[in-house]
Amino acid sequence: MDIETHYFDEASWELTDETLKIVRAYLDANPEIQDIIVATTRGNTGLAASEMFSDKNLIVVSHQEGFAEPNENELEKEKRNKIEAKDVKILTATHAMAGIARGIRKELGTWTPAELMAVAYRTFSQGTKVCAEIAMMAADAGLVRVDKDVVCIAGTGRGADTAWIVRPTYTSKFPKLKMKACLCKPFEF
């Protein structure tokens, strides 16, 4: 089996279109993969993905409520409405490697294993960490199967610059998560 990994010179939201095209080419050559999971913050990446992958089961994962500001979600309502109008599922949930663990770190200054795992994934890139995270979040929500590969798309800050073929699992079964192949990621990040 040959899977090509594309390395971008550096991390950037400006790579979103190219990242989506790389994923589209992979999916066209591998039609057995039906599930795409994409991270979005304000909705730009989710909306672009909803247009590119209308023939697939697309799950758009937003930041959890209160991520940036109490009682607010960063996903813009207009973009949310446009994504939902395309029959795309939007998942808003606690981040798999954050939640209580991040609260403990921020309030008590103590690192927990989940936060340390997030740091370890970030050594491959921010987008890689997010791809692992959204795969588990979608599995926990019952939106993808854990016995079939998916493609996860994420980025560094905003946009998309990273894509992985992942075998999802539930957060309660974390060691079974399989980051099978990288389709693209930034070389410098």
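Some points to look at:
- For the condition without any contact (Cβ under 8 Å) to a residue 40 or more places away in the chain and hydrophobic (A, V, I, L, M, F, W, C), Leu91 does not qualify.
- For region 155-174, the tally of residues that are within 23 Å of Phe187 (Cα to Cα) and either surrounded by 17 or more Cβ atoms within 10 Å (Cβ to Cβ) or modelled with pLDDT of 95 or more (or both) stands at 10.
- Count of residues meeting criterion [in contact with a helix residue (DSSP H, G or I) (Cβ under 8 Å, 6 or more places away or on another chain) and either under 18 Å from Val166 (Cβ atoms) or of a type in the set (Ser, Thr, Tyr) (or both)] in region 9-22: 2
- Odd one out for Arg102, checked against (1) of a type in the set (Lys, Arg); (2) surrounded by fewer than 23 Cβ atoms within 10 Å (Cβ to Cβ); (3) within 24 Å of Val23 (Cβ to Cβ): (3)
- Leu20 being crowded, with 16+ Cβ neighbours inside 10 Å, over 24 Å from Cys182 (Cβ atoms) and of a type in the set (A, V, I, L, M): no
- For beta carbons closer than 7 Å, sequence separation of 6+ or different chains, a first residue in region 108-133 that is touching a residue at least 40 places away in the same chain (Cβ under 8 Å) and a second that is outside any helix (DSSP H, G or I) and acidic (Asp, Glu), the qualifying pairs are Gly127/Asp161.
The values are calculated or read from the model by the stated rules, or taken from the named source; none is laboratory data. Just so you know, these numbers come straight off a predicted model, no measurement behind them. So basically every Cβ, Gly included, is an ideal-geometry build from the backbone, and we count neighbours across all protein chains shown.
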